[in-house]
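Chemist: Quick one: this structure, given as C-alpha cells, is what I'll be asking you about.
The values are calculated or read from the model by the stated rules, or taken from the named source; none is laboratory data. As the structure is a prediction and not an experimental result, all values here were calculated from the model. Here the Cβ is made from the backbone with ideal geometry for all residues, glycine too, and neighbour counts use every protein chain on show. Protein only, heavy atoms only, side chains kept; ligands, DNA and RNA dropped before computing areas. Shrake-Rupley method; radii C 1.70, N 1.55, O 1.52, S 1.80 Å.
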Amino acid sequence: MRSLTFTLLPALALAHGHVDKVIADGVTYQGWNAALKYQNPIPATVGWQADNLDNGFVTPDRFGSVDIVCHKLAKSNGAFVPVKPGSKVTFKWDTWPVSHAGPIQEYLAPVSGDFSTITDPTYLRWTKIQSSAWKSGNNPGTWATDDLIKNNFSWDLTIPNLAPGNYVLRHEIIALHSAGQTNGAQAYPQCINIQVSGSGTIKPSGGVPATSFYKASDPGITFNLFSKFTGYTTPGPALQTLKKREHSREFA
Ligand SMILES: *[C@@H]1O[C@H](CO)[C@@H](O)[C@H](O)[C@H]1NC(C)=O
Ligand SMILES: [Cu+2]
C-alpha cells in the first residue's frame, strides 16, 4: 500500500479543502483529514471520517443516497467536542478555492445514546440551524464562501440553547462553479460530534433525513453562476430558529 500512499497524498494538498480543525471555546480539536486513513490505528477525531481521498464532493445524482449525509462511506470517528449553549464552534478549513462559490449551511441531528451506536447515518433527522448563501452581485457575485476565505478559511456557529445530550453537527459547502451543467453542483459535507452540557431546554424535533434535502432540479442546485441573476434560492429545508417554548421542549 506504500506506493498508493505516495500517489494519492499529493492530490490532497491541491484540490478543494477539508475541515482540518474544529475550535470550540478556545480549544482546538482534530477534524477529519483523509490522510489519517493511513495511520494505524486511525486516530479518533471529532470530525467524522469519510472516504474522500481527493477532498472530493458529492454530486446531485447521489443527493438521495447515504453519501450526502456525512460524505462518502462516512462514520463517527470516536471523539466529540464538549460544548454548552452559547459556545462558539469554528470549522477551520485547510483551504478553499475562490472559484468554488456557493452556500454554507449547518444542520443539527440529536443522537439517542452514544455516537458509536449510529450504524446508518440516513436515520439521523436534521434541522437546519444556520444558512448563508448569496450576498450581492452576479456572474459570479459575492457568496458565503468569500466570507469564509476572508476569515482565514474559518466558519463560526453559536450553539443554540440545546438540551444536554449528544448531537451531530453537519457543516456543508455547496460549490456552484459547475452547477449550470447537469449534475454539476458539488456538495462538501462534514459532520462532527458534539456533546452539549449545561441547562439548555431545546430538543429539536421534526427534523428530516439528509437524503431529502436536495434534488438535482432544485433552483439552487442547478444554477448558472456565470449569468446576470438577481437572486438565489438557497437549497434544502427551511431554516429553523431554535426557540424556547413556555410549555414544551419543542422548537418553534
Ligand atoms: C490562518 O490560519 C492558519 C492555519 O490555522 C494560521 O497558522 C494563521 O496564523 C492564521 N492567520 C491569521 C491571520 O489568523
Ligand atoms: Cu474543486
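Chemist: Please state which one of Q49, Q30, Q39 is open to solvent by 50 Å² or more (accessible area, probe 1.4 Å) and either within 15 Å of the chain's Cα centre (by Cα) or modelled with pLDDT of 95 or more (or both).
Modeler: Of Q49, Q30, Q39, the one residue that is open to solvent by 50 Å² or more (accessible area, probe 1.4 Å) and either within 15 Å of the chain's Cα centre (by Cα) or modelled with pLDDT of 95 or more (or both) is Q30.
Chemist: Within the range 131-142, work out how many residues are part of a strand (DSSP E or B), polar (S, T, N, Q) and either open to solvent by 30 Å² or more (accessible area, probe 1.4 Å) or closer than 13 Å to L176 by Cα (or both).
Modeler: Qualifying residue count, the range 131-142: 3.
Chemist: Also, quick follow-up: Going by what's in this entry, would K150 be described as among the basic types (K, R), within 16 Å of ligand 1 (Cβ to nearest atom) and free of Cβ contacts under 8 Å to residues at least 12 places away in the same chain?
Modeler: Considered against the rule, which asks whether it is among the basic types (K, R), within 16 Å of ligand 1 (Cβ to nearest atom) and free of Cβ contacts under 8 Å to residues at least 12 places away in the same chain, K150 comes out as yes.
Chemist: Quick check: anything in the range 194-210 assigned to a loop (DSSP other than H, G, I, E, B), on the phi > 0 side of the Ramachandran plot, modelled with pLDDT of 95 or more and of a type outside the set (A, V, I, L, M)?
Modeler: yes
Chemist: Looking for whichever is part of a strand (DSSP E or B), open to solvent by less than 30 Å² (accessible area, probe 1.4 Å) and within 16 Å of ligand 1 (Cβ to nearest atom) here; the options are W96, W155. Which one fits?
Modeler: Checking each option against the conditions leaves just W155.
Chemist: Go through the range 159-209 and count every residue that is open to solvent by less than 10 Å² (accessible area, probe 1.4 Å) and of a type in the set (D, E, K, R).
Modeler: 2
Chemist: Looking at the range 142-176 only, could you name the residues that are of a type in the set (F, W, Y) and touching a helix residue (DSSP H, G or I) at 6+ places or on another chain (Cβ under 7 Å)?
Modeler: Passing the criteria: only W155.
Chemist: Let me ask something additional. Going by what's in this entry, would K128 be described as outside any loop (DSSP other than H, G, I, E, B), open to solvent by 50 Å² or more (accessible area, probe 1.4 Å) and over 14 Å from V83 (Cβ atoms)?
Modeler: When the stated conditions are applied, K128 does not pass them.
Chemist: So which residues in the range 101-125 are open to solvent by 30 Å² or more (accessible area, probe 1.4 Å) and not polar (S, T, N, Q)?
Modeler: Hits for the range 101-125 are P110, G113, D114, I118, D120, Y123, R125.
Chemist: Continuing with the same structure: Regarding T145, is this residue of a type in the set (S, T, N, Q), crowded, with 22+ Cβ neighbours inside 10 Å and outside any strand (DSSP E or B)?
Modeler: Here the answer is yes, as T145 does meet what is asked.
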